[in-house]
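Shown next, in structure tokens, is the structure this report addresses.
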Amino acid sequence: MAAYREYPDDELMSPQQRALLLEVITALDAGETDIYRAVATRMSPPPPREEVDSVLRILDIEAIGYRPGELGAVVLSRILDALGSRGQRRRV
């Protein structure tokens with residue numbers, strides 16, 4: 001399983017969600033053809049297929065802009081930034 005560390009943004013994305021995101025990116029970068037199977041074999045317990053599909057849809061969002069080979073931590077940072085700015089708009 002891809003390593004992750006504690007972030008001050010746990011209210012935006014849980015450690016389990018971050019781990020899943022990093023595993024999906026690892027599988028994409030490895031050229032896996034069945035992303036769910038690749039992720040499910042590396043995570044215990046395996047995540048629901050719907051969660052893996054959700055991560056893939058998030059990575060396809062233009063504002064996130066995932067590019068193959070990009071460090072997972074960079075993508076994670078963009079996602080957390082997007083979630084954080086969305087929350088700030090709501091608080092105003």
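Brief remarks follow.
- Length released on extending from ASP60 to SER44, taking residue separation times 0.36 nm less the Cα-Cα span: 3.2 nm
- Averaging over all projection directions, the Cα-based convex hull of segment 47-86 occupies 3.2 nm² in the image plane.
- Solvent-accessible area of ASP34 with every protein chain in place, 1.4 Å probe, in Å² to the nearest 10: 60
The values are calculated or read from the model by the stated rules, or taken from the named source; none is laboratory data. Everything numeric in this text was worked out from a predicted model, so none of it was measured. Calculation scope for accessible area: heavy atoms of the full protein, side chains included, ligands and nucleic acids excluded. Shrake-Rupley method; radii C 1.70, N 1.55, O 1.52, S 1.80 Å.
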